[in-house]
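In what follows, a structure is listed as structure tokens, so that the remarks can point back to it.
The values are calculated or read from the model by the stated rules, or taken from the named source; none is laboratory data. The structure presented is a predicted model; accordingly, all values stated were derived computationally and were not measured. Cβ coordinates were reconstructed from backbone atoms using ideal geometry, including for glycine residues, and neighbour counts include every protein chain displayed.
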2 protein chains.
Amino acid sequence: MHKNFKNIDKIVYGKGAFSQLNAIIEPIRKENDKFFVFVVDKYFEGKELANRIPNRDEDLLIFIDVDIKEPYTEQIDNLRDSILEKKGLPSGIVGIGGGSILDIAKATALMFTNEGSSTLYQGLDLIKKPGIYHLGVPTISGTGAECSMTAVLTGPEKKLGLKCEWTVLNQVILDPELIASVPTDKWFYTGMDCYIHCIESESGIFYNAYSKAYGDQALQLCREVFVNEGRGQNDENNEKLMIASLFGGLSLTYSEVGACHAFSYGLSVVKGYRHGIANCIAFNHLKEFYGEAVDEFRNMLEIHNIDLPQNLAKDWTEDEIMEMSKIAYNLTHMWNHAIGMDWKQKWTVEDIANYYRKM
Amino acid sequence: MHKNFKNIDKIVYGKGAFSQLNAIIEPIRKENDKFFVFVVDKYFEGKELANRIPNRDEDLLIFIDVDIKEPYTEQIDNLRDSILEKKGLPSGIVGIGGGSILDIAKATALMFTNEGSSTLYQGLDLIKKPGIYHLGVPTISGTGAECSMTAVLTGPEKKLGLKCEWTVLNQVILDPELIASVPTDKWFYTGMDCYIHCIESESGIFYNAYSKAYGDQALQLCREVFVNEGRGQNDENNEKLMIASLFGGLSLTYSEVGACHAFSYGLSVVKGYRHGIANCIAFNHLKEFYGEAVDEFRNMLEIHNIDLPQNLAKDWTEDEIMEMSKIAYNLTHMWNHAIGMDWKQKWTVEDIANYYRKM
């Protein structure tokens, strides 16, 4: 059985495409209680982009600070409940921001139509009904949230996505001008999410010709953006990185993330590291899994003068390390891909803990 | 304004994926008059693949000989009318074959719900209502019909697609095993459709970073299949060619075909050449448009020992040449891309005729 995957319904790509948002959502405004919700990264509050959002009087414009904490189940439940109470069921929800904001839009769209807490739906195909219309506008590139069939949430017990075909966005607006002002460290760490997706995709059993075609092209683009002559943040590379992020995400459609993301989830849940930097902290120690790609990664750190947090484990308690290790160990689908379906015979919580102790 | 393009709703990719057809259409069987139509290339009649089609007693299984003639408007209208008369409105239509069969499935799906002759809808966004569910299973790779938003039909007056977002397939099954038995000349000519899509995509004004990412990867795969060491028809290359075809088609989503397709349409309409070979006949003479790619194309002809029809014009009447030239000239969107929006100031029917005279 091969996966039958759901595409993003519609994509518009190009410089200035954000201006088409109003026209795109206009036909959807007839649905449900006829208002839109815009969830926007708090970073943009008071900035020019916020003034360009086509929100009307009846709409809700909500700025969310995702720097404090990654999206979490209680946050989604509260957001859903407060909107329903205040105004009823929206026509649609638009997320404008990075992977966290896109995941909040995706998760909330689903939770408007699925009862109870989002913790009930963390996992594959647990969602029972399609959500409301949801549209994503990435303002930073690398996460692949613009095309993935998951909305990753941290719950009281686990960090795991609401994963089903209805999670996929109905519409994506890819406007490379929007990522022009991203601070260098965020640009790097989020871009590395894409690089690492490609490396993880190719380093495991689910990799196929479809994943390879997307992954090879995304890697090529990452190298143009982060390694080769002409690298760095500029107009041309913003276009390339935006496409790389999409392709890196699409490479995972048939493949899977692996060891690095498993370690990364443990770091995020227990120590609160944001996803991009958590990936990088872990990837730096995974040469046994990813070979020369780790050298290439270290080269990119050096080229861009990125001061990756290191020697962190000395400040972690043994309890914390075991907690992280158990969280990582429980991400079965990642180890299936990275090590093989018999991974439990080869790989233990203690093996994982030993990697964390080096970080 | 950037194009907001519609994706294929769902894709399943992998060896043996054809076996999933029955399970995929099962939920759709509840719609309309609860039967499916399967349109299948006559080549498969009596062959193993035909036995694997999951048609039930209530379904219609129709073998169509597309070697005689490319899809034409009257054929679509008759197919639609006869099915409606016989059994009513199908739940869905499945096309199993090459680009012609996929276009027949796409066009018929639309014509079930749009009244009158398909000649009324040849062009961009003339279709008024979404069609019925349509699913495509390519058995030869290169045309990009599996992802394009057009269903190309030859009418009494023009060769032009029913082009709108509803034309895009609801589901594609990409099973590389199905293209394993394609005869070498068809494999080559249809594969060259993909190669030429990529070259045309990059040689014109609508090309952008999105088109380039898909086109570069498709070209790389074409070179692995047709040029590099390890080239030729084998399991690995069947996978690559199937992905190349998809990516070449997706490269065109934001870009456009150009001069070669314009010339090719004239050859097909007036002299009946099938699309793949017509492209090749034209491309061979378009060095002024495509430069080194024409040398690479000639190298591929030689490598695969393909005897391209040449010196054809000596048997064409001047009337035929002028008819072809006018058909080509009227493909405005192709010349817009290839030459620029001011192409009418630079390019005449007589210029086109001079190219045909060399073919």
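Scanning for something among the β-branched types (Val, Ile, Thr), in a helix (DSSP H, G or I) and within 14 Å of chain B (Cβ to nearest Cβ), does segment A:222-231 turn up at least one residue? Yes, segment A:222-231 contains a residue that is among the β-branched types (Val, Ile, Thr), in a helix (DSSP H, G or I) and within 14 Å of chain B (Cβ to nearest Cβ). Only strands (runs of 3 or more DSSP E) whose full extent lies in segment B:120-178 are considered here, and the ones with at least 1 residues that are farther than 18 Å from residue B:333 by Cα are B:133-138, B:171-174. Considering B:358, B:314, B:344, the condition of being surrounded by fewer than 17 Cβ atoms within 10 Å (Cβ to Cβ), in contact with a His (Cβ under 9 Å, 6 or more places away or on another chain) and either over 23 Å from residue B:220 (Cα atoms) or of a type in the set (Asp, Glu) (or both) is satisfied by B:358 alone. When residues in segment A:4-19 are screened for being facing another protein chain (nearest Cβ under 7 Å) and in contact (Cβ under 8 Å) with a residue 24 or more places away in the chain, 11 of them pass. For residue B:253, the criteria (1) assigned to a helix (DSSP H, G or I); (2) away from every other protein chain (no Cβ under 14 Å); (3) touching a residue at least 60 places away in the same chain (Cβ under 8 Å) hold in every case but one, which is (2). Identify, please: which residue in segment B:215-254 is more than 30 Å from residue B:333 (Cβ to Cβ) and within 19 Å of the chain's Cα centre (by Cα) and is, among those, surrounded by the most Cβ atoms within 10 Å (Cβ to Cβ)? Step by step, filter segment B:215-254, then rank; the result is B:239.
Can you find, within segment B:199-209, the residue that is farthest from the chain's Cα centre (by Cα) among those that are touching a residue at least 24 places away in the same chain (Cβ under 8 Å) and within 11 Å of another protein chain (Cβ to nearest Cβ)? Write out each step before concluding.
Initially, segment B:199-209 is screened for residues touching a residue at least 24 places away in the same chain (Cβ under 8 Å), giving B:199-208.
In the following step, the residues that additionally are within 11 Å of another protein chain (Cβ to nearest Cβ) were identified as B:206, B:208.
On the way: B:206: 20, B:208: 22 Å.
Taking the candidates together, the pick is B:208.
Looking at this structure, is residue B:266 surrounded by fewer than 16 Cβ atoms within 10 Å (Cβ to Cβ), outside the structural domain of residue B:160 (by TED's automatic domain parsing) and under 18 Å from the mean Cα position of the chain (by Cα)? Taking the combined requirement at face value, the residue does not satisfy it. Restricted to segment B:20-49, and to residues there that are assigned to a helix (DSSP H, G or I) and free of Cβ contacts under 8 Å to residues at least 12 places away in the same chain, the residue that is farthest from the other protein chains (Cβ to nearest Cβ) is B:48.
Among the residues of segment A:50-100, write down those that are of a type in the set (A, V, I, L, M), in a loop (DSSP other than H, G, I, E, B) and closer than 28 Å to residue A:274 by Cα. Spell out how you get there, then give the answer.
We begin by selecting, within segment A:50-100, every residue of a type in the set (A, V, I, L, M); these are A:50, A:53, A:60-62, A:64, A:66, A:68, A:76, A:79, A:83-84, A:89, A:93-94, A:96.
Still in the list and also in a loop (DSSP other than H, G, I, E, B): A:53, A:66, A:68, A:89.
A:53, A:66, A:68 - these are the residues of segment A:50-100 that are of a type in the set (A, V, I, L, M), in a loop (DSSP other than H, G, I, E, B) and closer than 28 Å to residue A:274 by Cα.
Looking across A:83, A:127, A:104, one residue alone is closer than 27 Å to residue A:243 by Cβ and at pLDDT 95 or above. It is A:104. Are any residues in segment A:245-276 within 18 Å of residue A:214 (Cβ to Cβ), among the hydrophobic types (A, V, I, L, M, F, W, C) and touching a Lys or Arg at 6+ places or on another chain (Cβ under 8 Å), and if so, which ones? Across segment A:245-276, there are no qualifying residues. Number of residues in segment B:108-119 that are among the hydrophobic types (A, V, I, L, M, F, W, C) and in a loop (DSSP other than H, G, I, E, B) equals 1.
Select, from A:186, A:212, the only residue that is surrounded by fewer than 24 Cβ atoms within 10 Å (Cβ to Cβ), within 14 Å of chain B (Cβ to nearest Cβ) and not in a strand (DSSP E or B). Write out each step before concluding.
Values: A:186 fails: within 14 Å of chain B (Cβ to nearest Cβ).
Sole residue among the options that is surrounded by fewer than 24 Cβ atoms within 10 Å (Cβ to Cβ), within 14 Å of chain B (Cβ to nearest Cβ) and not in a strand (DSSP E or B): A:212.
Among the residues making up segment A:304-339, those that are in a helix (DSSP H, G or I), touching a residue at least 60 places away in the same chain (Cβ under 8 Å), in contact with a helix residue (DSSP H, G or I) (Cβ under 7 Å, 6 or more places away or on another chain) and under 30 Å from residue A:227 (Cα atoms) are A:334, A:335, A:338. Within segment B:26-40, the set of residues being on the phi < 0 side of the Ramachandran plot and out of contact with any Phe, Trp or Tyr (no Cβ under 6 Å at 6 or more places or on another chain) comprises B:26, B:27, B:29, B:30, B:31, B:33, B:35, B:36, B:37, B:38, B:39.
Picking from residues in segment B:189-209 that are buried (at least 24 other Cβ atoms within 10 Å of the Cβ) and of a type in the set (Gly, Ala, Ser), the one that is farthest from residue A:236 (Cα to Cα) is B:191.
Condition check ((1) over 25 Å from residue B:247 (Cα atoms); (2) among the β-branched types (Val, Ile, Thr); (3) in contact with a Lys or Arg (Cβ under 9 Å, 6 or more places away or on another chain)) across all residues:
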{"position": "B:3", "(1), (2), (3)": "no, no, no"}
{"position": "B:32", "(1), (2), (3)": "yes, no, no"}
{"position": "B:36", "(1), (2), (3)": "yes, no, yes"}
{"position": "B:40", "(1), (2), (3)": "no, yes, no"}
{"position": "B:46", "(1), (2), (3)": "yes, no, no"}
{"position": "B:49", "(1), (2), (3)": "yes, no, no"}
{"position": "B:53", "(1), (2), (3)": "yes, yes, no"}
{"position": "B:57", "(1), (2), (3)": "yes, no, no"}
